[in-house]
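The values are calculated or read from the model by the stated rules, or taken from the named source; none is laboratory data. As the structure is a prediction and not an experimental result, all values here were calculated from the model. With ideal geometry, Cβ positions are generated from the backbone for all residues, glycine too; neighbour counts draw on all protein chains shown. What goes into the accessible areas is simple: the full protein's heavy atoms, side chains included, and nothing from ligands, DNA or RNA. Shrake-Rupley method; radii C 1.70, N 1.55, O 1.52, S 1.80 Å.
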Amino acid sequence: MKSDKEILQIAKEASKNAYCPYSKFPVGACALFESGNIYSGCNIENSSYGLTLCAERNAISNAIAQGEKTKLVKIAIYSPKSTKCFPCGACRQWIQEFSMGCNTEIILENEDLNEELYHINDIFPYSFKLI
Ligand code: THU
């Protein structure tokens, strides 16, 4: 199982692939599942701005498309433009969906360049759930 430091490093690498000519705000994410499998993603912007895909949802989409079925245990998020790059509201809803009740850890890099840990239930309470 990869460490928090390792998945943050993979998120950093993924941010280098960001396609963000409009915002110039690269983001990378690395999702770690209970299986031990990891999947990374970067943000992908579009000239039709609203079609932009965030790094976190790209990473989770990669996981699901590759057949991942286990719980999303951790997700590391990184932007070279900002410390503590918190997930947006839409990504929080996605993280909650695939946490499957395990209170996914959110790993961010803080001002001291150390990993800082949050939990989805703390940053996204009272979320919408159908089941
Ligand atoms: N972005 C992400 O990739 N993840 C988030 O959670 C918030 C924002 C991206 C979208 C856009 O390409 C850029 O950051 C600026 O909003």
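If you go through the stretch 1-23 and keep only what is touching a residue at least 40 places away in the same chain (Cβ under 8 Å) and either open to solvent by 30 Å² or more (accessible area, probe 1.4 Å) or within 13 Å of the ligand (Cβ to nearest atom) (or both), you end up with Asp4, Lys5, Ile10, Ala11, Lys12, Ala14, Ser15. For the stretch 24-38, a residue qualifies if it is hydrophobic (A, V, I, L, M, F, W, C) and more than 8 Å from the ligand (Cβ to nearest atom), and the qualifying residues are Cys30, Ala31, Leu32, Phe33, Ile38.
Within the bounds of the stretch 63-80, is there any residue that is free of Cβ contacts under 8 Å to residues at least 24 places away in the same chain, touching a helix residue (DSSP H, G or I) at 6+ places or on another chain (Cβ under 9 Å), open to solvent by less than 70 Å² (accessible area, probe 1.4 Å) and within 12 Å of the ligand (Cβ to nearest atom)? Checked the stretch 63-80: no residue is free of Cβ contacts under 8 Å to residues at least 24 places away in the same chain, touching a helix residue (DSSP H, G or I) at 6+ places or on another chain (Cβ under 9 Å), open to solvent by less than 70 Å² (accessible area, probe 1.4 Å) and within 12 Å of the ligand (Cβ to nearest atom). Summed over the stretch 73-92, residues that are part of a strand (DSSP E or B) and closer than 15 Å to Asn110 by Cβ total 5. Picking from residues in the stretch 39-58 that are assigned to a strand (DSSP E or B) and under 10 Å from the mean Cα position of the chain (by Cα), the one that is farthest from the ligand (Cβ to nearest atom) is Tyr39.
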